[in-house]
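The values are calculated or read from the model by the stated rules, or taken from the named source; none is laboratory data. For clarity, every value in this text was computed on a predicted model and none was experimentally measured. A quick note on method: Cβ atoms are made from the backbone with ideal geometry, for glycine too, and the neighbour counts reach across all protein chains shown. Heads up: the accessible areas ignore ligands, DNA and RNA and are worked out on the full protein's heavy atoms, side chains in. Shrake-Rupley method; radii C 1.70, N 1.55, O 1.52, S 1.80 Å.
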Amino acid sequence: MKKYNFIDLFCGCGGFTQGFYQAGHNPVLGVDMWNDATTTYKFNFPTSEIINDDITKISTDELLSTAKVTAAQVDGIIGGPPCQGFSISGKRLIDDPRNVLYKSFVEFVGDVQPKFFVMENVPGLVSMAKGAVKDAVIEDFTSRGYNVSWKILAADDYGVPQHRRRVFFVGLNKSIFGDRFFEFPEPMQGEHITCKEAISDLDFISDEVALPDETVYELAPLCEYQKLMRENCNTLWNHVATIHNERTKEIIAMVPDGGNYQSLPKELWSTRKVHIAWTRMDSKRPCFTIDTGHNHHFHYRANRVPTARESARIQSFPDRFRFLGIKTSQLKQVGNAVPPLLAQALAEKISEYLQEV
C-alpha cells in the first residue's frame, strides 16, 4: 500500500504523527518550538526531519527544503495550532494579529496545496462567538481551495481509554476531490476501554520507591488493549512514580475509586484552588481528560499521580514510544498530545479517500 507523505505542524512529541504512522502514512517533517517535545519526536521518528523553531519565522520554501520534498510530494498537513487568540472582532480570523500561529497553518496549507489537511482544536472553538469562529475557520480554508468538514470527536469512541473531546476540521483539496467532503469515521462498536484495562498490568510499581526510567514488565498483559500497547516492546520506559509527602498521601487515600474532592472532609476542599483537584480515576470507566502534569489527578488504586507511562497508556501511546526529558516534561508532552488511536482512525478514513484518486 502506498505511504502518504505528511507534515505535522505544532507536532509536540508526536501523538498526531504516531496515529498517522500507525495507519501507514509517512511523516516527512515535524515542526514545534518546544525543544523537549521535538527531541522526543525525533527519537521516535528518526526518518522524519524536524524543525525546532517558531513557525511564524519559517517560510514555505524552508519547510519543504527541510522536509526534502516538493509541494507535489506532500499529501497532507496536520496539526493543532493554539487557539488563545481566537475571537471575533468584526474581521476574519486570518487577519487578527493575535492569531499568527493559526494564520501560519492556514498559509502553509494554502501554499503547499496538499491533498488533505487535518486541524485539531479544543471543542469550545465551535461555540465561540455563537459559531462565528468555526465559520471563519471554514471560510479561511475554503478560500484556499478546500471542502471543509468538522466534527467534535470523543477519544473513547475510537479505542482510547479516555473521554477526551476535541474538534477536528478535515479539508479535501477541491482540485483533486471535486465537490466531495470528508465523512468522519463511525465510533467503534462495543464497550469502551476502562482505566483498569488500560494500565492494570503496570500495577507492580511501588508507591514508596521510584523505579528507574528503564525497567521490565513484571506482570503479563491482562486484556487485548494491554497486548496492543505492549506490541514489539520488551523494555518499559517512563514508569517512574512520584513520591508524595505523607500528608498528601493521606488526603489521596481518603478519595475512593472514581471520587474527587467532594469525598474529602469539607475543611480540605480548599487545599487546592481548582475544581478538578483530588480527582481519582474510575477503574470501571475511561479516564477523564488527563492534565499536563499539574498533580491534580490520581491513580484509581495507588495513592499517587499516574506515571508518564500510565498517562501515555491512557492517551493510547504504544509502550515502544519513549518520552525524553525530565518527568514533569514527559507528563506535559503526554498531556498535550493528540491520542494516537484517535488520530489513526482519522488517518485510516483519509486513506480511503486518497486511494480513490
(request) Six or more apart or on different chains, Cβ under 8 Å: which pairs go from a residue in the range 102-119 that's more than 17 Å from L354 (Cα to Cα) to one that's among the acidic types (D, E) and open to solvent by less than 20 Å² (accessible area, probe 1.4 Å)? Could you list them? (result) V106/D140
(message) For I94, only one of the following conditions fails: (1) open to solvent by 60 Å² or more (accessible area, probe 1.4 Å); (2) under 15 Å from G145 (Cβ atoms). What is its number?
(response) (1)
(request) Say whether the condition of being within 15 Å of Y21 (Cα to Cα), at pLDDT 95 or above and crowded, with 24+ Cβ neighbours inside 10 Å is met by at least one residue in the range 302-313. (result) no
(request) Taking E224 as meeting all but one of (1) free of Cβ contacts under 8 Å to residues at least 60 places away in the same chain; (2) farther than 16 Å from I314 by Cα, write down the number of the exception. (result) (2)
(message) List the residue pairs whose Cβ atoms are under 6 Å apart, where the first residue sits in the range 233-244 and is under 9 Å from V305 (Cα atoms), the second is open to solvent by less than 20 Å² (accessible area, probe 1.4 Å) and of a type in the set (A, V, I, L, M, F, W, C), and the two are 6 or more positions apart or on different chains.
(response) A241/I205; T242/V305
(message) Residues to consider are I276, I350; find the one that is at pLDDT below 95 and of a type in the set (A, V, I, L, M).
(response) I276
(request) Out of the residues in the range 227-245 that are of a type outside the set (D, E), assigned to a loop (DSSP other than H, G, I, E, B) and open to solvent by 80 Å² or more (accessible area, probe 1.4 Å), state the one that is farthest from P318 (Cα to Cα). (result) N245
(request) Filter the range 194-208 down to residues that are touching a Lys or Arg at 6+ places or on another chain (Cβ under 6 Å) and crowded, with 20+ Cβ neighbours inside 10 Å and give me whichever is farthest from R304 (Cα to Cα). (result) T194
(request) Collect the residues in the range 1-49 that are buried (at least 21 other Cβ atoms within 10 Å of the Cβ) and aromatic (F, W, Y), keeping them in residue-number order. (result) Y4, F6, F10, F16, F20, Y21, Y41, F45
(message) If I ask for residues that are hydrophobic (A, V, I, L, M, F, W, C) and out of contact with any Gly (no Cβ under 7 Å at 6 or more places or on another chain), which ones from the range 35-52 would you list?
(response) F43, I51
(message) Tell me whether the range 255-273 contains one or more residues that are at pLDDT 90 or above, crowded, with 17+ Cβ neighbours inside 10 Å, under 16 Å from the mean Cα position of the chain (by Cα) and at negative phi.
(response) no
